[in-house]
Amino acid sequence: ANPVTPEKVRLGKTLFFDPRISRSQAVSCHTCHNLSLWGVDRQETSIGHAWQRGPRNAPTVLNAVFNLAQFWDGRARDLAEQAGVPIQSPLEMAASKAYVVQVLSSMPGYLRLFREAFPGEADPVTFRNATLAIEAFEATLLTPGAPFDRFLQGDPDALTPEQRKGLALFMDKGCAACHMSLNVGGNGYYQFGVADAPPAGVCPSTDPGREAVVETITCEFVFKAPSLRNVAMTPPYFHSGKVWDLHTAVAIMGSAQLGLRLAPGEVTLVTRFLESLTGRPPVVTLPELPPATDRTPPPAP
């Protein structure tokens with residue numbers, strides 16, 4: 001329901017990089033989803049408005065369009081809905097819909113971009129259209145060409161011998177039960193600690209997970225299985241962001257989800273396979289942001 005056009009992508013990219021749609025005019029989408037850092041910010045939890053920290057680790061925006069829903073708990077059905085949440089969150093960008101429209105309407109450059117992206121609309125500068133444009137841009141942030149992709153396309157030499165052994169372990173041990181399909185994850189919800197409790201702090205007891213979304217105790221500590229694409233490039237790991245080493249994350253998943261104590265050599269082989277999921281990052285040039293005018297509101301505390 002959101003056709004992607006070059007004009008919409010151009011507007012969405014401009015909005016993605018523009019911190020002026022935040023209340024402090026210091027935080028943009030790119031702040032927490034830094035494309036130079038593979039779509040993350042390398043923080044346990046992100047720093048937002050007035051130096052507040054969010055409750056969960058910011059997942060990568062790369063390939064996020066392939067997830068069945070957005071956020072760790074799946075509370076946003078698509079990228080457009082997701083884009084509107086941090087903008088309005090008091091912990092993140094702390095801006096109201098009216099404030100965002102006021103800022104964007106004050107700049108002739110944005111008026112032109114919105115008219116081009118949403119032709120035929122009498123008043124195209126709306127909060128909803130802003131989120132639809134951001135979604136269109138984020139849908140272009142793909143990382144094809146990973147060694148594993150080339151392997152699946154018929155190149156047996158795309159994976160090293162270690163990576164092929166790691167793939168076999170990944171399949172045989174049961175990892176692929178949750179991390180499957182195009183995004184190697186991102187398409188199902190699972191309890192964290194189904195076989196054994198994760199180490200203290202990795203799954204905080206104060207975060208109920210999807211239970212808060214669907215309001216049923218059966219979803220306590222249930223989270224969306226993240227995509228494993230580019231996972232070697234996007235530490236820290238888990239919704240808490242408490243684990244920085246991929247080897248450690250693999251070992252934790254073996255015990256917490258599968259009830260297995262993987263041998264150190266097995267952990268290394270699975271990690272080598274996960275490294276084969278690193279694709280080609282998108283080439284994104286910085287947009288020229290429309291200049292502000294005397295009608296553009298100043299930053300607010």
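The values are calculated or read from the model by the stated rules, or taken from the named source; none is laboratory data. Please read all numbers here as calculations on a predicted model, not as lab measurements. Positions of Cβ are generated from backbone atoms using ideal geometry, with glycine treated the same way; all protein chains shown enter the neighbour counts. We work out accessible area using only protein heavy atoms, side chains counted, and drop any ligands, DNA or RNA first. Shrake-Rupley method; radii C 1.70, N 1.55, O 1.52, S 1.80 Å.
In this structure, the amide hydrogen of V222, modeled 1.01 Å from its nitrogen in the peptide plane, lies closer than 5 angstrom to those of F192, R210, E211, counting only residues at least 5 positions away or on a different chain. Size estimate for the stretch 147-276 follows the Kirkwood approach: the inverse of mean 1/r over distinct Cα pairs works out to 15.3 Å. Could you list log10 I(q)/I(0) for the chain at q = 0.09, 0.10, 0.14 Å⁻¹, which the Debye formula gives when each Cα is one point scatterer? Normalising to I(0) and taking log10 leaves -0.48, -0.58, -1.05. Contact order for the stretch 23-86, expressed relative to its length and based on alpha carbon pairs under 8 Å spaced 6+ residues apart, stands at 21 percent. Taking the accessible area of the chain, probe 1.4 Å, and keeping the other protein chains in place, the carbon and sulfur fraction comes to 58%.
Counting only heavy atoms of protein chains, what accessible area per residue, in Å², does the stretch 147-276 have with a probe of 1.4 Å?
The answer is 48 Å² per residue.
All alpha carbon pair distances within the stretch 6-139 were sorted into 10 Å bins beginning at 0; the resulting P(r) in whole percents reads 13, 46, 33, 7, 0. Computed over all pairs of different Cα atoms, the Kirkwood value for the hydrodynamic radius of the stretch 155-222 is 14.4 Å.
Taking every DSSP helix (H) stretch of at least 4 residues in the chain, weighting each as -39,500 (n - 2.57) and dividing the sum by the residue count yields a mean residue ellipticity at 222 nm of -10000 deg cm²/dmol.
What net charge do the residues around H179 carry, taking every other residue with its C-beta under 13 Å from that of H179, with Lys and Arg at +1 and Asp and Glu at -1?
My count for the surroundings of H179 gives +3.
Give K13/K97; K13/K242; K97/K224 a once-over and call out the pairs whose C-alpha atoms are over 24 Å from each other. Long pairs (Cα-Cα over 24 Å): K13/K242; K97/K224. Net length available on complete extension from L260 to V85 is 59.2 nm, with 0.36 nm assigned per residue and the Cα-Cα distance removed.
Per residue, the solvent-accessible area of the stretch 6-139 (1.4 Å probe, heavy atoms of protein chains only, all protein chains present) comes to 40 Å².
Placing +1 on each Lys and Arg Cβ and -1 on each Asp and Glu Cβ, with no other charges, gives the chain a dipole about its Cα centre of roughly 260 debye. For the stretch 31-75, the Kirkwood hydrodynamic radius comes to 11.2 Å, computed from all pairs of different C-alpha atoms.
Candidate cross-link partners of K165 among the lysines, defined by an alpha-carbon separation under 22 Å and a same-chain spacing of 8 or more, comprise K173. The DSSP beta bridges internal to the chain are antiparallel in roughly 90% of cases.
Among T126, T268, T218, the residue with the largest mean-square fluctuation in a Gaussian network model of the chain, with springs joining Cα atoms closer than 10 Å, is T218.
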